[in-house]
Every structure is written in structure tokens, then in C-alpha cells.
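See structure below.
The values are calculated or read from the model by the stated rules, or taken from the named source; none is laboratory data. Bear in mind the structure is a predicted one, so any value in this text is a computation, not a measurement. Methodologically, a virtual Cβ is constructed for each residue, glycine included, from the backbone with ideal geometry; neighbour enumeration extends over all protein chains shown. For accessibility, only protein heavy atoms count, side chains too; no ligands or nucleic acids. Shrake-Rupley method; radii C 1.70, N 1.55, O 1.52, S 1.80 Å.
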Amino acid sequence: MKVAVIGAGTMGSGIAQAFAQCDAVETVYLCDIKQEFADGGKSKIEKNLGRLVKKEKMTQEAADAIVAKVKTGLNTIATDPDLVVEAALEVMDIKKACFKELQENIVKNPDCIYASNTSSLSITEIGAGLKTPIIGMHLFNPAPVMKLIEVISGANTPKETTEKVIEISKTLGKTPVQVNEAPGFVVNRILIPLINEGIFVYSEGISDIEGIDTAMKLGCNHPMGPLELGDYVGLDIVLAIMDVLYNETKDSKYRACGLLRKMVRAGHLGVKSGIGFYKYNEDRTKTPVDKL
Ligand code: 3HC
């Protein structure tokens, strides 16, 4: 199977790694709007696999073979995939334009499946007007590790496409859960308001950053506390999903916390910008920062 991943950011490179690690996948096209962005995604994969080699969980030869499957470039290299997974920016017009370009000018395989890894946008709307309807294939960060794939049917997604994507997800070693289209689907509908609530708790001075994260880790057995997880997912992504939940429902329970919006405006996006609720140090340690 050949797979094209569109967008080489955190999710895109993680998804490309998850596919490249699968024996049934011979090639992964990792595409972005600039060659250097695509190459940057491939470097992240090499770094991740390098850690596994160092921990003796993988041989160097196996890591090299996985990396060799990943071909980087602009979208135009993706001429013959069996599956496209779009992980571009969470902007409706960008996603729509991306699929239109791929379907009309680039992909030659008439049986190609087109999937979006959108975290909350409407699959039906992304696919409107396209020759081939799309499906949601929502993986979670870190994509090579997390077991779940939400398989989201839009209003026009054919049943056979859903069945094929469920099969592909199992081949990847993941557990698919079928979901009907709705803002935030299942996980983000529940998880992102939880992170937002953690930010409210912090902004109201109920506890400090480490206190809130420790409370939720030890009190609920979550692997990460809400502020740490917000930083990990990206606070811009958390805000974008809160805004989608609010705009789609107009329910005030989905209003984004003011502090979240302020941090995003200030470029304090979490791990990817080096600072969010924590400052991320070179040696992979982190320290809480003062409130903006
Ligand atoms: N790529 C590949 N492998 C990775 C990785 C990465 N980016 N990060 C961690 N790993 C691997 C490690 O190599 C390690 O493998 P091993 O067990 O074989 O040695 C394993 O994952 C555990 O990693 P660590 O020992 O370094 O660290 P932890 O045990 O603390 O686990 C974690 C890290 C898996 C990230 C864990 O803290 C966790 O599960 N956190 C919650 C993640 C979460 O909730 N994700 C969902 C976010 S929401 C989302 O993605 C939706 C989107 O639409 C917003």
C-alpha cells in the first residue's frame, strides 16, 4: 500500500511514522507546501526512531528501513497513493483546496481513498463539491503510540470507504471506533473542554500549574495533567477546537477561557513553541512559567 500524508507538522510526521512502521506499507509520501517543511517532518521521524534504537527497542537497520520508505516533497509527488491522509492546518479553506488539487490534478489512482485527520471540522463540509467524498481518519498524538483511530463518516461518505478505512486502521495495529460526524467527534468533544476547564481553574487561582496537573494525574490516573496535555497538543489547536465547538453549538459551556486565547495570541503555544504553561528546556525537562 502507498500512503500520502499531507502536512508534515506534529500530527503529519507522526502519522507518516505510524504508516511507515507498518509492513503492509511500501511507501509514504510526506508532503508539505515547502520541501524544507516536509524534510523537517522526516527528521522528526528519524529522531523518534533513533530514541527507540538507543533504548534497544529497534535495530538501526529496522529504523533505516522505515525511514527509507518516507519520500518527502510537495503535494505533487503524491501521484499514485492508495490512501491520502490530510493533516494540513485546521483551516476549512486550506483543507478543501488541498483535496481539490489532489483529486483534480495530482492523484492518478481512481480508487484512492481520501481521509482527513481533522480534529473537529465537518467532514461533510470539507468534502462538499469534491469528485470523491472524503472520510475522517483521526489519529491521536503521539500517533505512532496511541492506539485509537476515530473513523468518521460524513453525510456523503460511502459505506465501502468506511469499511476499508476500518480494515486499514486494524492493519496499522490500531483500534478503530466508528463515529458519526459531530463537532469534536467523541474524544475532542470531551477532552478539549476538560483541558479548557483546567485553564479556568488555573486562571481563577484555585491551584498552581503543577498542582492542577498532579491532581488530575493522581486523582484520575491520567498520564498527563490538563495543562501539560494542552501544551503537548498545542494551545492553538485547543483554542481552535473550543472555537469550533462553540461556533457550531452556540452553547456557552464551550466558551474558550480568556487566558487560553491570550496565550495563543502571545505565541505561547506549548511544546512546539518552547513555552506554554511550562517552559521546555533543551535537556527535555520542563518548568512551570508565571501567568501571562
Ligand atoms: N513518537 C514515537 N514514540 C513515542 C513518542 C513519539 N512522539 N512519544 C513517546 N513515544 C513512545 C516512547 O518511545 C515509549 O515507548 P516504549 O514504551 O516502547 O519505550 C512510550 O511512547 C512511552 O514514552 P515515554 O516513556 O517517553 O513517556 P511516557 O511513558 O510518559 O508516555 C505519552 C508519553 C505516551 C505521551 C503519555 O504521556 C501519554 O499517553 N500522554 C497522553 C497523550 C494523549 O492524551 N494524547 C491525545 C491528545 S489529543 C489528540 O491528539 C487529538 C488531537 O486532535 C488534538
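Here the dipole of segment 152-217 is about 400 debye; that uses its Cα centre as origin and unit charges on the Cβ of Lys and Arg (positive) and Asp and Glu (negative). Take the Cα of residue 265, go 7 Å toward its beta carbon, and the backbone nitrogen atoms of segment 235-252 under 18 Å from that spot belong to 235-244.
Modelled spin labels at residue 186 and residue 210, positioned 7 Å past Cα toward Cβ, are 3.6 nm from each other. Calculated translational diffusion coefficient of segment 89-247 (4 °C, 1.567 mPa s; Stokes-Einstein with Kirkwood radius over alpha-carbon pairs) equals 76 µm²/s. Accessible area ranking (1.4 Å probe, heavy atoms, ligands and nucleic acids excluded), largest first, for 96, 57, 174: 57, 96, 174. The alpha carbons of segment 11-78 occupy a box of 36, 23, 18 Å along the principal axes, longest dimension given first.
In this view, the solvent-accessible surface of residue 37, computed with a 1.4 Å probe and all protein chains in place, comes to about 90 Å². Coordinate range of the alpha-carbon atoms in the chain per principal axis, descending: 56, 48, 33 Å. Taking the longest Cα principal axis of the chain as reference, the axis of helix 10-20 is set at about 40 degrees.
In whole Å, what is the distance between the alpha-carbon centres of segment 16-66 and segment 79-140? Centre-to-centre (Cα) distance: 22 Å. Across all Cα pairs in segment 1-148, the calculated P(r) in 10 Å bins from zero up to the longest distance comes to 12, 44, 33, 9, 1 percent per bin.
With each label modelled as a point 7 angstrom along the Cα→C-beta vector, the residue 56-residue 175 pair spans 3.1 nm. Think of segment 1-151 as having a plus end and a minus end, set by charges on the Cβ of Lys, Arg, Asp and Glu; of 132, 94, 70, 70 sits farthest toward the positive end of this dipole. Given R0 = 30 Å, the distance between the Cβ atoms of residue 103 and residue 147 translates into a calculated FRET efficiency of 0.50. Helix 235-249 axis versus longest C-alpha principal axis of the chain: approximately 80°, rounded to the nearest ten. Measure nothing but the geometry: give the 0 to 90° angle between the long axis through the Cα atoms of 159-171 and the longest principal axis through the Cα atoms of the chain, rounded to 10°. The answer is roughly 70 degrees. Taking only the Cα atoms of segment 79-157, the radius of gyration and Dmax are 12.1, 35 Å. The alpha carbons of segment 199-258 stretch over 34, 22, 18 Å along the principal axes, in descending order. The stretch between residue 218 and residue 80 holds 44.9 nm of extra length on full extension. This uses 0.36 nm per residue minus the Cα-Cα distance.
Taking every Cα-Cα distance in segment 167-287 and sorting them into 5 Å bins starting at zero, the pair-distance distribution P(r) comes out as 2, 11, 19, 20, 19, 14, 9, 5, 1, 0 percent.
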